[in-house]
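The values are calculated or read from the model by the stated rules, or taken from the named source; none is laboratory data. What you see is a predicted model, and the numbers here were worked out from it, not measured in a lab. Every residue, glycine among them, receives a Cβ derived from its backbone with ideal geometry; neighbour counts consider all protein chains shown.
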Amino acid sequence: MPPTILGKFLTSRPCPWLDAAVALAAALALGGPARAEFASFDCAKVELDAEKTVCKVDALGARDVKMAALYQVLQGAPSAWSGMAYREFRDAQRDLQATWTAKTRDACGADVSCLEQAYDRRIEELSSTIGKSLGLTYGRMCDAP
């Protein structure tokens with residue numbers, strides 16, 4: 001979905017981030033497995049062993065796409081933690097993602113099992129953060145009649 005359509009969808013709904021999370025989950029579930037050629041990065045330009053492996057293994061490509069989608073949801077979500085400004089939250093998530101990429105994913109090299117576990121853990125972390133952030137931020141508004 002292009003950002004302009006997503007932006008209109010999110011701003012026109014009474015519970016925008018919860019709706020977006022549900023829509024994302026439905027798209028991932030109903031869209032079938034993503035193929036590696038749809039990784040979140042350009043497979044034609046990869047140099048690292050981990051990236052090459054993600055591009056070669058369909059299951060890893062699917063995990064990469066799912067992880068990237070969850071990360072993008074977090075980049076647009078406001079912080080639910082008291083005192084943390086939106087920019088601070090977004091920057092903290094960006095730093096966590098960069099650290100995960102460099103120290104976890106890339107450290108796996110071409111080891112498929114290591115990459116599967118790394119992606120599964122990161123997807124769980126992002127999903128948990130989305131649940132906490134969006135649930136706390138919009139929970140009260142979503143419960144209102």
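Just to be sure, is LEU48 out of contact with any His (no Cβ under 8 Å at 6 or more places or on another chain) and at pLDDT 90 or above?
It is true that LEU48 is out of contact with any His (no Cβ under 8 Å at 6 or more places or on another chain) and at pLDDT 90 or above.
Grab the helices (runs of 4 or more DSSP H) fully contained in the stretch 53-145, keeping just those with 1 or more residues being under 18 Å from PHE38 (Cα atoms) and at pLDDT 95 or above. First the steps, then the outcome.
On the way: elements: 58-76, 86-100, 112-143.
Helices (runs of 4 or more DSSP H) meeting the threshold: 58-76, 112-143.
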